[in-house]
């Protein structure tokens, strides 16, 4: 029985979303135009479960380049209407179109002078008649066995809100980089915004040694900096090589006197490097591809500016 009911609900809600295609009309297209040209914000309002959906629609708009706020219909008539200006567009969400608290907003909204868009299942409702534009979201059957709790209607409204946001993404030419800008704390933001310069080790936090330094002194510098390698520079401070724990192991097996040799004789010359302007995500992918743990960071003139360690990238939230 539970599986049967679950399938019925999912099929009902899927059918409700599919049926919305026939509701797309000139008012939907005009709504996209009005919102795209809005000089203020998109204020989305609703009550109850529909209000929760309205809040999600507002959040989606904001995160995709259309400034938006959610305004609870009941709170609006107790002062929150002060958030609305004539430059705003207000989307009023109500399945029946007769939600008292939402319909009650129209006189004040008309006085403010903002544009209004109704998102409702009944174009002839109070909401549909008073709004400048109507996005029709009619649902014939709810998923609720009692036919009371909004299920298919809230799903359909949510989907229509997504359709509206998607059209605005196209209209505003909103890019992945723009999305990342509004989500700096997310994984996409980190991959698209974080640069090598943001993560690399600088100053005393990595080992920089002259090419004349003895290996024993290089090891002291590496230990002091708490890293796994030393970047080697020449007399002009230009980067010339790297000395890693791998170099140490390889040469120590062959030469018991390794510690007394100049590092320039045993370092890895012309290793893989990266510039500070590159994305940290690119550096991470390069480290994974080449199977190395650290990358010297150099500028266009070949001067050493830092060291990038895979552990620092992992701490910054970058993953494969």
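Structure summary
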| item | result |
| --- | --- |
| Backbone N under 19 Å from the residue 19 label point (7 Å along Cα→Cβ), restricted to segment 123-138 | 123-125, 128, 135-138 |
| Residue 129/residue 300 FRET efficiency (R0 45 Å; Cβ-Cβ; nearest 0.05) | 0.10 |
| Sequence-separation-based contact order of segment 2-174, relative, with Cα cut under 8 Å and 6+ spacing, percent | 27 percent |
| Nearest 10 degrees, 0 to 90: helix 2-19 Cα axis against the chain principal axis | 80 degrees |
| Cα-projected label distance for residue 29 with residue 288, points at 7 Å along beta-carbon direction, nm | 4.4 nm |
| Distance between segment 62-107 and segment 237-278 - C-alpha centres, whole angstrom | 65 Å |
| Nearest-ten-degree value, helix 280-290 long axis tilted from longest Cα axis of the chain | 50 degrees |
| By average C-beta atoms within 10 angstrom, highest first, the peptides 265-275, 153-163 | 153-163, 265-275 |
| Pairwise centroid distance, computed over Cα atoms, of segment 6-39 with segment 287-307, Å | 50 Å |
| DSSP-defined antiparallel bridges as percent of all bridges, the chain, nearest 5 | 40 percent |
| Angstrom value of the Kirkwood radius, inverse mean 1/r, which spans all Cα pairs in the chain | 24.1 Å |
| Angle between the chain longest axis and helix 152-171 axis [Cα atoms, degrees, rounded to 10] | 60 degrees |
| Spin-label pair residue 39/residue 198, simplified geometry with 7 Å Cα→Cβ offset, distance in nm | 3.5 nm |
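Bear in mind these aren't lab numbers, they're just calculated from the coordinates by the rules spelled out. Here the structure is a predicted model, which means the values were calculated and not measured. Note that each Cβ is placed from the backbone with ideal geometry, even for glycine, and that neighbours are counted across all protein chains shown.
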